[in-house]
Amino acid sequence: MKRDRRISQMALKKRGAAGWLLALTLCSLPWNAGCRRFAKAKELRTPVEVMDRYGNERTYRLFLPPIPDAAKRIPLLVYFHGVVSPGFKKISALANYTGSPVEETALIPFCRGRGIALLVPDALYEYQFLGCASRGWLIAKEIDGVERIIDAVLEKYPIDGRRVYLAGISAGAAFCHFLANRRPRAYDAIISHSQAYVDEEGKVLRPPHRGPQFGILFCYNQGDYERLIAFCLESERLYREAGYRTTLLKDLPPAGHRWSSANNARFWRWLQKLGRLRNG
C-alpha cells in the first residue's frame, strides 16, 4: 500500500510538471490568443502643462500606442464627447444619453491597435443646458485652450503634423468644425458624428474658406434626432458646394444618439480617403 501511494504521488508530480511545461509551451506560441500579452496604450494625464488665455490650466489625456521605431512619426486623432450632465438622467428623452465619453467609443483600443495617438481634451467650462448643469464645448471659451493642447502635444511627441484628425459627436462634432475652420490646413480630415457646422443658435454655417481644405465625414445613427440629421444633410451640401471632399454615412447602428463604435475601422478608412494627403 505504501509503495502504491508513493507511485501515485510520483505520477501526480510528473503530471504537474508536464502540465506546467505544456502551459509554458502554449504561451510561447504566437497563435495562442489566450496567453498572448498585448502592449497597452500608455495613458498620460496632462503630460505638458497648458494654460488658456484666461489663465486656467487645461487638462487632457493622451493615449500613446507602442512605437517600436523611435524615429517613426504617428498620426493623431483628437476626440470630443457630446454634452454631459448627471441631470440628463431626470429627463425622459435623455435618460439613456451619456454624451459618449471616450471610454464608450472603443477608440482607445482601436487607436492602440492601429498605431494612432489618441488625444482627449477635457471640457472646462460649465453652463446650463436644458435646465441642467452641463459640460460641453462652449466655442468662444474652449477653442483657444484646446488649440494650445493640440499644439503642445504636436511639439512634445512624435506626431506627424500632416496627419492630425478631429472627431466628435453632437456638441463635440460642432466644435470640430470650428477648430478646423480656424486653421483649415492644420487638420487632414474630421468626423462629424450626429451634428454639423452650426452656431450656438442652431444655424447651419457655410465654410468661411473655399475648398478643398480638410475632408469631412458626416454620419448619424438609426433613429437619431431629426433636427440633427437635418443639420448633417444641410452642412454636407454646403461643404460639398464649397469644393470640400465630403461623404455622408446614414442610419448607422446602434439606434439612438451615440457614437457608432462598430464603425471605427470604417471611419478610419474614410478619414484616410478624405484627407488631403490621399488626394493631392
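Comparison of GLY223, GLY243 shows that the only residue that is over 19 Å from PHE80 (Cα atoms) and modelled with pLDDT under 95 is GLY223. Please indicate, with yes or no, whether at least one residue in the range 98-114 is of a type in the set (D, E, K, R), exposed (fewer than 14 other Cβ atoms within 10 Å of the Cβ) and assigned to a strand (DSSP E or B). So far as the range 98-114 goes, no, none of its residues is of a type in the set (D, E, K, R), exposed (fewer than 14 other Cβ atoms within 10 Å of the Cβ) and assigned to a strand (DSSP E or B). Mind checking whether some residue in the range 129-149 is more than 28 Å from TYR97 (Cα to Cα) and without any contact (Cβ under 8 Å) to a residue 40 or more places away in the chain? No, the range 129-149 contains no residue that is more than 28 Å from TYR97 (Cα to Cα) and without any contact (Cβ under 8 Å) to a residue 40 or more places away in the chain. Entry remark, the range 115-134: residues being of a type outside the set (Val, Ile, Thr) and surrounded by 19 or more Cβ atoms within 10 Å (Cβ to Cβ) number 6 in total. Of all residues in the range 91-108, those satisfying the criterion of being farther than 20 Å from ARG163 by Cβ and touching a residue at least 40 places away in the same chain (Cβ under 8 Å) are ILE91, ASN96, TYR97, THR98, GLY99, SER100, GLU104, ALA106. Checking each residue in the range 38-88 for being within 17 Å of GLY136 (Cα to Cα), under 19 Å from the mean Cα position of the chain (by Cα) and either among the aromatic types (Phe, Trp, Tyr) or outside the structural domain of ARG162 (by TED's automatic domain parsing) (or both) picks out TYR60, TYR79, PHE80. Filtering the range 256-268 for residues that are assigned by TED's automatic domain parsing to the domain that holds CYS111, closer than 21 Å to PRO101 by Cα, in a strand (DSSP E or B) and among the aromatic types (Phe, Trp, Tyr) leaves an empty set.
Can you tell me which residues in the range 35-52 are at pLDDT below 95 and out of contact with any Leu (no Cβ under 8 Å at 6 or more places or on another chain)? Break it down stepwise before answering.
Restricting attention to the range 35-52, the residues satisfying the condition of being at pLDDT below 95 are 35-42.
Correct list: ARG36, ARG37, PHE38, ALA39, LYS40.
Among the residues making up the range 77-103, those that are modelled with pLDDT of 95 or more and in contact with a helix residue (DSSP H, G or I) (Cβ under 7 Å, 6 or more places away or on another chain) are LEU77, VAL78, TYR79, PHE80, HIS81, VAL102. Screening the range 226-260 for residues that are small (Gly, Ala, Ser) and buried (at least 18 other Cβ atoms within 10 Å of the Cβ) and picking the one that is farthest from the chain's Cα centre (by Cα) gives SER235.
Here ARG278 fulfils each of the conditions (1) more than 17 Å from the chain's Cα centre (by Cα); (2) at pLDDT 95 or above apart from (2).
The values are calculated or read from the model by the stated rules, or taken from the named source; none is laboratory data. Predicted, not measured: the structure shown is a model, and the values here were computed from it. Glycine also receives a Cβ, built like all others from the backbone with ideal geometry; neighbour counts cover every protein chain displayed.
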